[in-house]
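Visitor: Following this message is one structure expressed as C-alpha cells.
The values are calculated or read from the model by the stated rules, or taken from the named source; none is laboratory data. As the structure is a prediction and not an experimental result, all values here were calculated from the model. Using ideal geometry, Cβ is built from the backbone for each residue, glycine included, and neighbour counts are taken over all protein chains shown. Surface accessibility is based on the protein's heavy atoms, side chains included, excluding ligands, DNA and RNA. Shrake-Rupley method; radii C 1.70, N 1.55, O 1.52, S 1.80 Å.
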Amino acid sequence: MKIGVHPSNLHLRLAQAWPDAFSGLEPEFVNYNEGRDTIRLIGNGQIDFGGTGSTPPIAAEASGWNVTYIAASAPRPANGGIFVARDSPIRSIADLRGKRISLIDGSFHTYLLARALEGEGLRLPDVSRLETGAADSLPALLEGRVDAWIAMAPRLEKAMERSDIRLIARCGSTIPNRSLFWTTDDRRLSRETRQRIVAELSRIGREVAADTRIAAERLVANGAGDADLDAWERVVRSRDFSVVAADADIIAEQQEEADTLYRHGYFKNPVRLGQLARSV
C-alpha cells in the first residue's frame, strides 16, 4: 500500500512517524510537496491514496477522475484564518474587494475565501488571488506586497501570537475544513481495504489524542519543519483527530463546496460528485 504524505496533512505525517502504522497493509509512505499533487500521483500509480483538504478531490472530479472517498476527519475549525496587517485599513471581509490575497489556490484556502466573500455579496473574481505555494507569506503581508494572507497550521499558531497582524475571518465560522482521505476507482482498492484504512486512521487518531506530547516529539523527530516541539504540541492539542468512514453527509458537504466554487467561476462547468457507492 503506497500512502501519500505531504506537509499539510498532519494525520498522515503522524502515521508515517507512528510505530506499526498500517502494518497489515505493508505500507510504503511516499513523500511529496503539497496536496494539489495528490491526483497526479494517484493517477500515475505512485500512491494508492492520500489525504488533503476538501478541494483537491473536487478538482480531480472536475478533471474527469472518479474519486472514491475513503474517510473524513472531524471538522477542523481552528486550522485556517485570513489575516491582515495590524495597521491595514481592511477591517472586515467586505473590505477585500480589489485586494491582493496570498493563498494556496486550489486548496481549502480557495473555498474558505469564496465562502467568506459570498457572505458579503462578493465573489472570487472581486479579489486578486496570489499563489503562495510552500512559501511563508507573512513577510509579504508585513511589507505590503499583499493585502491579506490565508494561513494554516503550523504557521497559523505563530500568526495568532503576533501583535503586528490581525485575524479577520477563521475557518470555524465559514467552512467545516475537514481532511479527506481518498483515491480513485483506477486504484481498485477493495471495500475491505478501505475499511482497514479507516480503522487504522481512527486508531492512530485516538493514540495521538491520548498523548499529544509524544505525537509532537515524533513529528519533530520525523523532520517536520516550521515549528518547534512546543509549537507542534499546541497544533496537535488543538485538533480533533477522530476519523470516520465517508458517508452521504460527507458527499453532500463536498457537493455544496463544488457548487459554491462553480458559482464563483472557479470551475467552468458544474461538478457532480460520484455516487455514494464509490465512497463506502
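Visitor: Probe radius 1.4 Å, ligands and nucleic acids ignored: give me the carbon and sulfur share of the accessible area of segment 79-122 as a rounded percent.
Guide: 42
Visitor: What figure, in Å² to the nearest 10, do you get for the accessible area of Lys158 with a 1.4 Å probe and non-protein molecules left out?
Guide: Taking all protein chains as shown, Lys158 has close to 100 Å².
Visitor: Carbon-plus-sulfur fraction of the accessible area of segment 128-239, 1.4 Å probe, in percent?
Guide: With neighbouring chains kept in place, the figure for segment 128-239 is 45 percent.
Visitor: I would also like to ask the following. In whole Hz and in residue order, list the ³J(HN,Hα) couplings for segment 48-62 that follow from phi through the Karplus curve 6.51 cos²θ - 1.76 cosθ + 1.60, θ = phi - 60°; x for Gly and Pro.
Guide: Computed from phi, the couplings for segment 48-62 are 8, 7, x, x, 9, x, 6, 7, x, x, 5, 4, 5, 4, 5 Hz.
Visitor: Give the calculated FRET efficiency between Arg91 and Ala209 to the nearest 0.05, with a Förster radius of 30 Å applied to their Cβ-Cβ distance.
Guide: E between Arg91 and Ala209, to the nearest 0.05, is 0.20.
Visitor: Once each part is reduced to its C-alpha centroid, what is the distance from segment 108-149 to segment 209-275 in angstrom?
Guide: 19
Visitor: GluC sites (Glu not before Pro), restricted to segment 105-143: which are DSSP loop and have at most 10 other Cβ atoms within 10 Å?
Guide: Counting only loop positions with at most 10 other Cβ atoms within 10 Å, the GluC sites (Glu not before Pro) in segment 105-143 are Glu143.
Visitor: In a Gaussian network model over the chain where Cα atoms closer than 10 Å are linked, find which of Asp228, Asp185, Asp249 has the largest mean-square fluctuation.
Guide: Asp249
Visitor: Quick one: accessible area per residue over the chain, 1.4 Å probe, rounded to a whole number of Å²?
Guide: 43
Visitor: Identify which of Asp48, Asp164, Asp105 has the largest mean-square fluctuation in a Gaussian network model of the chain, with springs joining Cα atoms closer than 10 Å.
Guide: Highest fluctuation among the options: Asp164.
Visitor: Most mobile of Arg162, Arg123, Arg218 per a Gaussian network model of the chain (Cα springs, under 10 Å)?
Guide: Looking only at Arg162, Arg123, Arg218, the largest GNM fluctuation is found for Arg162.
Visitor: Still on this structure: Count charges around Phe22 for me, please; just the other residues with Cβ under 12 Å from its Cβ, Lys/Arg as +1, Asp/Glu as -1.
Guide: Taking every Cβ under 12 Å from that of Phe22, the sum is -2.
Visitor: Under 5 Å between amide hydrogens, which residues at least 5 positions from Leu130 or on another chain qualify, with H placed 1.01 Å from N in the peptide plane?
Guide: For Leu130, whose amide H was placed from the backbone, the distant partners under 5 Å are Ile101, Ser102, Leu103.
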